[in-house]
Amino acid sequence: MAFAAMKHMASNFSKLDKFEGVDFRRWQKKMHFLFSSMSVVYVLTTPIPEDGGDDATVKQIRKRAKWDNYDYVCRGLILNGMSDSLFHIYQNVESFKELWDPLEAKCWDLLI
């Protein structure tokens, strides 16, 4: 995505309501739309690419670096989209998927 488009998205991100622990489905859909519009949502469904170890090709290294960067972006967007109290709970989670899946499961449990 072009830098100008990402900058525009980032400036509009601050206008989204922070997740306070209620209305998860609405917040989730807004976040998913944001991830999709930035073309980074694939890290939620795509396993971490192999890094190739000692015999890594340039293609493997780039693919893994891209995935790691997008995972970081998604995790940061989620954390920044949370209230301060929820941020403190989830700030040390290592990956987007490790943050998103349990949050989704926990909030679904509250709805049932």
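Of all residue pairs spaced 6 or more apart or on separate chains, those with beta-carbon atoms under 6 Å, a first member in region 16-43 that is touching a residue at least 24 places away in the same chain (Cβ under 8 Å) and a second member that is among the acidic types (Asp, Glu) are Val43/Asp71. Can you pull out the residues in region 77-89 that are farther than 17 Å from Ser36 by Cβ and in contact with a strand residue (DSSP E or B) (Cβ under 7 Å, 6 or more places away or on another chain)? Across region 77-89, the qualifying residues are Met82, Ser83, Leu86.
Scanning region 42-82 for residues that are modelled with pLDDT of 90 or more and closer than 24 Å to Val22 by Cβ yields Cys74, Arg75, Gly76, Leu77, Ile78, Leu79, Asn80, Gly81, Met82.
The set of residues in region 60-100 that are touching a Leu at 6+ places or on another chain (Cβ under 8 Å), touching a residue at least 12 places away in the same chain (Cβ under 8 Å) and not hydroxyl-bearing (Ser, Thr, Tyr) comprises Cys74, Arg75, Leu77, Ile78, Leu79, Gly81, Gln91, Val93, Phe96, Lys97, Leu99, Trp100. Would you confirm whether any residue within region 7-24 is farther than 25 Å from Cys107 by Cβ, modelled with pLDDT of 85 or more and hydroxyl-bearing (Ser, Thr, Tyr)? Among the residues of region 7-24, not one is farther than 25 Å from Cys107 by Cβ, modelled with pLDDT of 85 or more and hydroxyl-bearing (Ser, Thr, Tyr), which makes the answer no. For region 58-112, residues that are of a type in the set (Lys, Arg) and within 11 Å of the chain's Cα centre (by Cα) total 2.
The values are calculated or read from the model by the stated rules, or taken from the named source; none is laboratory data. Owing to the predicted nature of the structure, the values given are computational and were not obtained by experimental measurement. Neighbour counts run over all protein chains shown; Cβ positions are idealised from the backbone, glycine included.
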